[in-house]
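Taken together, the values in this text are just the output of simple stated rules run on the coordinates, not laboratory data. Since we're looking at a predicted model, the values are computed, not measured. Here the Cβ is made from the backbone with ideal geometry for all residues, glycine too, and neighbour counts use every protein chain on show.
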Amino acid sequence: MLRFLARRVALTIPVLLGVATLVFSLIHLIPGDPAQAMLGESASPQDVAELRTRLGLDKPLIQQYGLFLRGAVRGDLGRSLRTNQPVTGAILERMPATIELAAAAMAVAVAFAIPLGITAAVWRGTVVDHGATALALLGISIPNFWLGPLLAIIFSIELGWLPVSGRGTWAHLVLPAVSLGAALSAILARMTRATLLEELREQYVTAARARGASRARAVIRHAFRNSLIPVITLIGLQFGAVLTGAVITETIFAWPGIGRLLIQSIGFRDYPLVQGCILLIAVTYVGMNLATDLLYGFVDPRIRYD
Amino acid sequence: MTKVGGAIVLLAVVAALLGPAVSRFDPSAQELARRLDGPSATHWFGLDELGRDIFARVLAGARISLMVGIVVVSISSVVGTFLGSVAGYFGGAVDETISRVIDILLAFPGLLLAIALVAVLGPSLANVLFALSLIGWVGYARLVRGQVLRAREFEFVQAARALGADTPRILMRHIIPTALPAVTVQATLGMGGAILAEAALSFLGLGVQPPTPSWGTMLNGGRTHLLDAPHLTIFPGIAIALLVFGFNFLGDGLRDALDPATRRSASADPPG
């Protein structure tokens, strides 16, 4: 187990280095002078030169890269151009809101997906299954940047049940969580159906039925429990999609998280903050994938030997 | 399933091609006095914040969406198939290099890298196409690499090699064709993904810029009028969902048709 753990962690290091390199390169992909682009065309040459020095853009590229990597490891990603606040502090301030939204969206997704997937698998080939499959495909196809406003029109504007934006009470969380969780729910429902169908074909299910277990018991207690491993893995792997989706959902519902911070920073051309948000989301995603892999290896020992 | 998806996609293609003939209005023409008017017999989907006919703009938006899908999927599938087959066939350092690049690009979830690229390059349709293609090839490369690793051990490939066929010929004539069914399914699903991604970027103000009628841009314009004119949001959204739904249905149907394993399991007896 320790060898598996060490090997898997070691494989993550070059990926993280690659991620950091790509994020570092972003600022150098800006057409023309990055400092001029950040301050705008009307900025004075003195201001541009000062910003260039402040960001270290006047140093040789390799030195800039070294400083960026050293800063990233220490958690020092520079300062926001607009507020002068440390980038790491600004991001950490917004993090609880994004985690709260992502967790709620995943809870909503699981709550809808599992019953839907089980229903479709048990009544496979029937109208119920086709209906569930169509519903799941519809969930994947409906963009969250449309579902969000649509839910707001119905539940906030027409019915007046829920607040349209902001963060505070649980009521504020409902619409963003449903709008962010819908697509994940659809993907999970399809996965639950597929893995449960595989398990239902196994002999132990037939044996359980032969021993007198009811159909519901054979499905829930035997087949469903065994089909959970790939479903849990998928939940872990889909965390990244939830984080990216949060960028849009937070923008729609004025949810004060990292996603909204990213879009606002792009608008203000606050590139140190843009780099920080992108780096943090990508590193979190890599971390979640690593944790999922390790958990999977822990639950299913066959994985360790692959 | 395939037929339903195919019919929706066909409808979108026809709408995109015949848009100007179907609608009586120019998508850019403004009737400022009637701005935000709801759907009527004259303007089926109503008018937007600048008094432009939403039906005409939805039809024009179909062109943008399909164009983005076709360009991104074409570039991504060709580049991905090439790099994936080279990595899988040659192995060694070539495979290592390509696989590490794939790993790094996959470390950025979904749209994040596209958002980052468009943020620094500037919002435009060309940059959206570039960003989506840059991240799009990865999925194809990973898929094709796996298929090629399997196919290079097939007896007919060994036989071709023994007969003296050169590497490009073996790849083009014998190995890549075995991966094509999987690539076709991926490309069909990828069309939906690219359309959704472009709409998302445009919605965030990072994609197609006004006044060009893109569905994402139209949704973005409708955000400030949710209270007084929800039709600005409803119709472009239906268009996106329907077209993506069509491609997903078509892709799912194709996967079932092209994958013998799925066919077998689909025809098995229901449990319990």
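At a glance:
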read-out: Estimated Rh, the protein assembly as shown: Kirkwood, alpha-carbon pairs, angstrom; value: 25.8 Å
read-out: Amide H contacts under 5 Å for A:Arg79, placed H, 5+ residues apart; value: A:Val87
read-out: Largest-first principal axis extents, alpha carbons of the range B:14-67, Å; value: 32, 19, 14
read-out: Candidates per GluC sites (Glu not before Pro) in the range A:32-105, loop by DSSP, up to 11 other Cβ within 10 Å; value: A:Glu41
read-out: At least 18 Å along the helix axis (C-alpha) and Kyte average at least 1.6, DSSP helices within chain B; value: B:2-22, B:54-90
read-out: Residue among A:Gly212, A:Ile278, A:Ile252 farthest towards the positive dipole end of the range A:174-289, charges placed on Cβ; value: A:Gly212
read-out: Point-charge dipole on Cβ atoms (K/R +1, D/E -1) for the range A:64-160, about Cα centre, debye to 20; value: 440 debye
read-out: Positive dipole terminus of the range A:198-299, leading residue within A:His222, A:Gly287, A:Phe239 (C-beta point charges); value: A:His222
read-out: Charge-dipole axis of the range B:128-200 as Lys and Arg at +1 and Asp and Glu at -1 on Cβ define it, positive-most pick from B:Val148, B:Ile176, B:Gly164; value: B:Gly164
read-out: Relative contact order [Cα under 8 Å, 6+ residues apart], the range A:186-306, whole percent; value: 20 percent
read-out: Highest-MSF residue in chain B out of B:Leu36, B:Leu59, B:Leu206 [GNM, Cα springs under 10 Å]; value: B:Leu36
read-out: Inter-chain Cβ neighbour average for residues B:161-171, partner chain, 10 Å; value: 0
read-out: Descending Cα extents along the principal axes, the range A:212-267, whole Å; value: 64, 19, 11
read-out: Kyte-Doolittle at least 1.0, axis length at least 15 Å by Cα - qualifying DSSP helices, chain A; value: A:2-26, A:87-122, A:127-141, A:170-200, A:225-237, A:239-252, A:271-299
read-out: Base-10 log of normalised Debye intensity for the range B:72-138 (one unit scatterer per alpha-carbon) at q = 0.19, 0.24 Å⁻¹; value: -0.75, -1.01
read-out: Per-q log10 I(q)/I(0), chain A, q = 0.08, 0.11 Å⁻¹ (Debye; single scatterer per alpha-carbon; no solvent); value: -0.49, -0.83
read-out: In Å, descending, principal axis extents of the Cα set of the range B:137-248; value: 72, 23, 17
read-out: Neighbour cut-off at most 12 other Cβ (10 Å), DSSP loop, trypsin sites (Lys or Arg not before Pro), the range A:210-306; value: A:Arg211
read-out: Residue-averaged 222 nm ellipticity for chain B, from DSSP H runs of 4+ at -39500 (n - 2.57), nearest 500; value: -23500 deg cm²/dmol
read-out: Dimensionless Rg/Rh of the range A:1-143 - Kirkwood Rh, Rg from C-alpha atoms; value: 1.18
read-out: Ranking of B:Val13, A:Val87, B:Val120 by count of other Cβ atoms within 10 Å, fewest first; value: B:Val13, B:Val120, A:Val87
read-out: Computed label-point distance, nm, for sites A:Gln63 and B:Arg35 using a 7 Å Cα→Cβ extension; value: 5.3 nm
read-out: Translational D in µm²/s for the range A:113-216 (Stokes-Einstein at 25 °C, 0.890 mPa s, Kirkwood Rh from C-alpha pairs); value: 156 µm²/s
